[in-house]
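Visitor: This is the structure, below, for whatever I ask next.
The values are calculated or read from the model by the stated rules, or taken from the named source; none is laboratory data. Source: prediction; values computed, not measured. Here Cβ is always computed from backbone atoms with ideal geometry, including for glycine, and neighbour counts include all displayed protein chains. Accessible surface areas use protein heavy atoms only, side chains included; no ligands, DNA or RNA. Shrake-Rupley method; radii C 1.70, N 1.55, O 1.52, S 1.80 Å.
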Amino acid sequence: MPDSSQTESGMETSEIKDRKSLEAWLEDKPPEWAQAIAARIALRVAPVGLSVAALPEERLAREHRHTLCLLTFRASFISAV
């Protein structure tokens, strides 16, 4: 049985450089692994989205801030499902 950092073909986690290589690495992993990675990515981006939403109204209109906050939280929650 391969190490959890390798696929059956022997691909190492250090070889993951883009979406295509991530998909190849996840090929023989349980679906929960992809869900966990998606949730982690969404949560890592959340502070950036929320910091932009905190800009003053002169730089970012209120409706855009609300939309950005909602989209940030939506992405975080959807990725965990």
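Visitor: Leaving ligands, DNA and RNA out of it, report the carbon-plus-sulfur percent of the accessible area of the chain at a 1.4 Å probe.
Guide: That share works out to 60 percent.
Visitor: Sequence gap at least 6, Cα distance under 8 Å: using those rules, report the relative contact order of the chain to the nearest whole percent.
Guide: For the chain, the relative contact order is 26 percent.
Visitor: Just how much of Val45 is accessible, in Å², when a 1.4 Å probe is used and the result is rounded to the nearest 10?
Guide: Result for Val45: roughly 90 Å² accessible.
Visitor: If you build a Gaussian network model of the chain, linking Cα atoms that sit under 10 Å apart, which residue out of Leu70, Leu60, Leu26 swings the most?
Guide: With Cα springs under 10 Å in the chain, the top fluctuation among Leu70, Leu60, Leu26 is at Leu60.
Visitor: What is the local net charge at Cys69, summed over the other residues whose Cβ is closer than 12 Å to its Cβ (Lys, Arg +1; Asp, Glu -1)?
Guide: Its environment carries a net charge of +2.
Visitor: Under the Kirkwood approximation applied to all pairs of distinct alpha-carbon atoms, what is the hydrodynamic radius of the chain in Å?
Guide: About 14.7 Å for the chain.
Visitor: Mean Kyte-Doolittle of at least 0.0 plus a Cα span of 24 Å or more along the axis: flag which DSSP H helices in the chain meet both, please.
Guide: 31-53
Visitor: With the dipole of the chain worked out from charges on the C-beta (+1 for Lys and Arg, -1 for Asp and Glu) around the Cα centre, which of Val81, Ala38, His64 lies farthest toward the positive end?
Guide: His64
Visitor: Residues of the chain: accessible area per residue at 1.4 Å, in Å²?
Guide: Accessible area per residue, the chain: 78 Å².
Visitor: What dipole magnitude, in Debye to the nearest 20, does the chain give about its Cα centre under +1 on Lys/Arg Cβ and -1 on Asp/Glu Cβ?
Guide: Dipole size: approximately 520 debye.
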